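Trainee: Handing you a structure now.
The values are calculated or read from the model by the stated rules, or taken from the named source; none is laboratory data. Because the structure is a prediction, the values reported are computed rather than measured. Note that each Cβ is placed from the backbone with ideal geometry, even for glycine, and that neighbours are counted across all protein chains shown.
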Amino acid sequence: MKKIGLFTSGGDSPGMNACIRAVVRSAIYHNVSVVGIMRGYVGLISGEMMSMDIGSVSNIIQQGGTILKTARSKEFRTKEGREAAAQNIKKWGIDGLVAIGGDGTFRGASDFNEEHGIPIIGVPGTIDNDIRGTDFTIGYDTAINTALDSIDRIRDTAASHDRIFFIEVMGRHTGFIALDVGVAGGAEYILIPEVMTDIDKVSQLLLHGIQRGKNSSIVIVAEGDEEGGAYKIAEMVKEKTGIDYRVTILGHIQRGGSPTVRDRVLASKLGAGAVELLIEGVSGVMVGEINNKMEPTPLENIWDGKKEIDKNLIRLAEMLSI
Ligand code: ATP
C-alpha cells in the first residue's frame, strides 16, 4: 500500500475533519501518501483530487464540517460512473480508499470494490448513529449535545410562558437522537419511528400533566416518525385536547459545530484504524468501535438489517415521564 485515496460522502458530520487528519497523519507515519478526493463520489468521477501532506490537515481537528466537502452523486450509482471513477484511481496511482460516510456511501463503496477490485475501508461518519457495526458514529455525540443545548433553552421559554413545545430533531429512519436527547432533556414524551405513534396516549399524558398542575411540557419528535413530523403531530394532539402548542424544528444546526471530545477521539481512532487495516491488506469492511474495541465489520453486514435501538432506554423514558 503506497497511496491511499480519502473522501467524505453523504451528510456531513462534526468530527469528519478530525478523521481526515487522523487518516493523513497515520498514513504518512507509515510512509503511505494520501490523495484527498473532493466532494465524495462526485470528485472521484470528475478527478477533483489533490495530494495531502501533514500541513494540509493542520488546525482542523476542532472544526465541524469537512474540508474535503461532501456531495451526493447520482452518476456513481451507474456502472459508467463507477468506471470513470476507476480510471481516475488508476491515473492517480491510488492503491486503496478510505470512505468516511453513511450507509449509502458504503453501498457505493461495496459496488466499486466488487467491480474494480480496489481495496476499500469504510468509516462511519453521520450524526444519525444508524449504522450497524459500531456503538457510535462520528458526529453523533456532538449532534446530541447541540440538540440538548437547544432543548434546554426552549424549556426555559416553555416554563416561562406555560406552553407545550413539540421539538423535532434529526433522524430520518431512526430515533437514536430523539431518544437520547429526550431522556437527557427530561421530555414528557418522545416519538420515534421504532415505536408506533399513539396520539391518544400523547394527548392523555399531556392532559394528565395539566390536571396535576404542570404548565409546560416538551415533546420530542424524530423527523422520521411515521406520523409525519412535529407540526402534524402537534395539530393532531390539539384536535383531541384543545391544547395550544408551539413547534420548533432544530434542523441543520444539529449537523454543525465544533466536535466534542468523544467525537474527536473516536474519529482519530477510526481514521488511523482504517489506514492500518488497508496496510494489513484488509478490504471491504467498515471499521467501528464496539465496547471500546475497534472492530471491522464486512460492508454487506452493515445494511443487512437495522441497528437496534436500546429498548431499556425506551422503557426508562416512559417510566420517568409520568
Ligand atoms: P447519510 O446517512 O449522512 O445521508 P450516506 O452515506 O448514507 O450518509 P447517501 O446520500 O445515501 O449518504 O450516499 C452517498 C452517496 O453514495 C450517494 O450520493 C451515491 O453516490 C452513493 N450511493 C448510495 N447508495 C448507493 C448504491 N446502492 N450504489 C452505488 N452508490 C450508492
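Trainee: Do you know which residues across region 231-259 are without any contact (Cβ under 8 Å) to a residue 60 or more places away in the chain and on the phi > 0 side of the Ramachandran plot?
Mentor: GLY242
Trainee: Name the residues in region 69-125 that are out of contact with any His (no Cβ under 8 Å at 6 or more places or on another chain), β-branched (Val, Ile, Thr) and away from the ligand (no atom under 13 Å from the Cβ), would you?
Mentor: Within region 69-125, ILE94, VAL98, ILE118, ILE121 meet the criteria.
Trainee: Would it be correct to say that ILE314 is modelled with pLDDT under 95 and farther than 22 Å from LEU97 by Cβ? Spell out the reasoning first.
Mentor: Details: modelled with pLDDT under 95: no; farther than 22 Å from LEU97 by Cβ: yes.
Criteria not met by ILE314.
Trainee: What's the number of the condition ILE131 fails, among (1) within 16 Å of the ligand (Cβ to nearest atom); (2) aliphatic (A, V, I, L, M); (3) not in a loop (DSSP other than H, G, I, E, B)?
Mentor: Here ILE131 meets the rest and fails (3).
Trainee: Would you be able to say whether some residue in region 60-75 is under 14 Å from the mean Cα position of the chain (by Cα), surrounded by fewer than 23 Cβ atoms within 10 Å (Cβ to Cβ) and not charged (D, E, K, R)? Talk me through it step by step, then tell me what you get.
Mentor: First pass over region 60-75, keeping only residues under 14 Å from the mean Cα position of the chain (by Cα): 64-66, 70.
Adding the requirement that they be surrounded by fewer than 23 Cβ atoms within 10 Å (Cβ to Cβ) leaves 64-65.
Narrowing the set further to residues that are not charged (D, E, K, R) leaves 64-65.
Yes, because at least one residue in region 60-75 is under 14 Å from the mean Cα position of the chain (by Cα), surrounded by fewer than 23 Cβ atoms within 10 Å (Cβ to Cβ) and not charged (D, E, K, R).
Trainee: On to the next question. Given the options LYS269, LYS238, LYS232, name the one that is closer than 30 Å to ALA27 by Cα and among the basic types (Lys, Arg).
Mentor: Within the list LYS269, LYS238, LYS232, the selection yields LYS269.
Trainee: Step by step: first the residues of region 135-150, then only those that are within 15 Å of LYS307 (Cα to Cα) and crowded, with 24+ Cβ neighbours inside 10 Å, then the one that is nearest to the ligand (Cβ to nearest atom). Which residue is that?
Mentor: That would be THR137.
Trainee: Continuing with this model, one more query. Determine if region 302-314 includes at least one residue that is crowded, with 17+ Cβ neighbours inside 10 Å, over 21 Å from MET170 (Cβ atoms) and touching a Ser or Thr at 6+ places or on another chain (Cβ under 9 Å).
Mentor: Within region 302-314, the subset crowded, with 17+ Cβ neighbours inside 10 Å is 302, 307, 309, 314.
With over 21 Å from MET170 (Cβ atoms) added as a condition, the list becomes none.
Within region 302-314 (the criterion being crowded, with 17+ Cβ neighbours inside 10 Å, over 21 Å from MET170 (Cβ atoms) and touching a Ser or Thr at 6+ places or on another chain (Cβ under 9 Å)), the answer is no, since none of the residues qualifies.
Trainee: Going by the conditions given, is SER268 surrounded by 15 or more Cβ atoms within 10 Å (Cβ to Cβ), within 19 Å of the chain's Cα centre (by Cα) and either acidic (Asp, Glu) or not in a strand (DSSP E or B) (or both)? Reasoning before the result, please.
Mentor: Values: surrounded by 15 or more Cβ atoms within 10 Å (Cβ to Cβ): yes; within 19 Å of the chain's Cα centre (by Cα): yes; either acidic (Asp, Glu) or not in a strand (DSSP E or B) (or both): yes.
Taking the combined requirement at face value, the residue satisfies it.
Trainee: From ILE89, ILE67, ILE20, which residue is in contact (Cβ under 8 Å) with a residue 60 or more places away in the chain and under 25 Å from GLN254 (Cα atoms)? Even if it seems obvious, please write down each step before you answer.
Mentor: Values: ILE89 fails: under 25 Å from GLN254 (Cα atoms); ILE67 fails: in contact (Cβ under 8 Å) with a residue 60 or more places away in the chain.
Going through ILE89, ILE67, ILE20 in turn, just one is in contact (Cβ under 8 Å) with a residue 60 or more places away in the chain and under 25 Å from GLN254 (Cα atoms): ILE20.
Trainee: Let me ask you something else. Does ILE94 count as part of a loop (DSSP other than H, G, I, E, B), at negative phi and more than 21 Å from the chain's Cα centre (by Cα)? Write out each step before concluding.
Mentor: Values: part of a loop (DSSP other than H, G, I, E, B): yes; at negative phi: yes; more than 21 Å from the chain's Cα centre (by Cα): yes.
Yes.
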